[in-house]
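Where a number appears in this text, it was derived from the coordinates with a stated rule and is not lab data. Keep in mind that what you see is a predicted model, and the values were worked out from it rather than measured. Methodologically, a virtual Cβ is constructed for each residue, glycine included, from the backbone with ideal geometry; neighbour enumeration extends over all protein chains shown.
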Amino acid sequence: MQAGQADFSNFETDQRVVITLEALQNLGRYLAGIPGRKNLIWFSSTYPVYFFPKSLEKQPFNNNHREFNNEIKQTADLLTLSKVAVYPIDAEGMMQNYKENAEHIEMPKLPGLQEMASERSEKMSAMEQIAADTGGEAIFNSNDLNAALSRVIHNGDHYYTIVYTPANKEMNGQFRKIQVKLNEGKYKLAYRRGYYADDAVTMAKTDGTKDSKPDAAKQNVDLTTDRLQSLMVRGMPSSTQILYGVKVVPADPQPTANAPRAGRNKKLTGATKRYSVDFLIDAKMIHLEPTPKGTHSGQVQVELLAYDHDGKALNWAGGTLRMDLDAATYADTLKSGLKGHAEIDVPGTDVYLATGVYDAETGKAGTLEVALNADAKPATVAAK
């Protein structure tokens, strides 16, 4: 029974790590397109992962747990590129040995107090490292959450941006430390203490993570890019790693009643309305690889996923834009943008249309949700 309970506890911890990393990655993608430094305030009573390695690659879980090295590196990369400073705030408030309270009849045993102290020390260590390595500050042992928030906001209002080019050009995925020193003055510096020397293309190709499937996947949604699918769940924050504009208008003329459906949901029945969707993608955010024949090649996934108000998938459509651009076309595409087109049939009711763009070479994505009211005028929006 003890072994079974231990296995279940390990499973729960693993799930907490997965959920935490996915949430942080989604926030990193959402904040990527916003310029400047961003402050992420993280309230929690426990912090299950470290972003960056300590001297002995210590992790706050034992060897019985699953390894998350690649997922942690990917999360760290996203937060670094998005310039996100993390401020962990301990939701426990004032720390006390509750086992010593008056309501406990028996005096607490020393091993129990030692275990409690060890857990708190481990949590504080994780908070300190997360804050130090992302340029934030850890705040714990305080019930004044208003003062903690004011402190974070004040710190975020005053900062410098310093840029340098590493002399070591080898992108080997290793962690590289950064140290900033002052010639004079006694100040405590808060800055990102390092980064992973990862190449975006290499990381995307070697990424072995498995995304959690949204409700749409349980309804046999056949999207070719799992990662893009997970970012297009109803109500998810928009990803801004790839910026694009999208124009959504009812098709004119509408198809006849016996015309083939637009979309991949073969179970869609009843009266529908067809929408024509045009994308204009910022080509400078897409990886277009130079080829020996003097062209630039690449591929971008463009997807549509329609939901009802309750988040049930109604229909889905899209495909892959494959490019092999000559020099003139490549130069023009960088200036004017990359165009894409898709059509989708949806019921003639209020619908929420998730649009998405995904560069498989770099793993970067852009998403935007558009509300389609039954009697609304054509919508033209831009992902920003």
The pairs in 73/177; 273/312; 83/186; 73/181 lying past 19 Å Cα-Cα in this model are 83/186; 73/181
Filtering trypsin sites (Lys or Arg not before Pro) in region 234-342 by DSSP loop and by at most 11 other Cβ atoms within 10 Å leaves 266, 267, 293
If 37, 176 are placed from fewest to most neighbouring beta carbons inside 10 Å, the sequence is 176, 37
Most exposed to least, judged by fewest other Cβ atoms within 10 Å, 20, 329, 161 sort to 161, 329, 20
Taking only the alpha-carbon positions of region 211-382 as identical scatterers, the Debye log10 I(q)/I(0) at q = 0.09, 0.18 Å⁻¹ comes out as -0.31, -1.11
Once residue 92 and residue 259 are pulled to full extension, the length gained, defined as 0.36 nm per residue separation minus their Cα-Cα distance, is 54.1 nm
Projected onto the charge dipole of region 211-382 (unit charges on the beta-carbon of Lys, Arg, Asp and Glu, signs +1, +1, -1, -1), the Cα from 256, 283, 243 with the largest positive-side position is that of 256
In this structure, the FRET efficiency calculated for residue 266 and residue 1 from their beta-carbon separation, with R0 = 51 Å, to the nearest 0.05, is 0.60
Listed with the fewest Cβ neighbours within 10 Å leading, 68, 175 appear as 175, 68
Taking a crude spin-label model, label points 7 Å out from Cα along the C-beta direction, the residue 332 to residue 179 distance in nm is 5.4
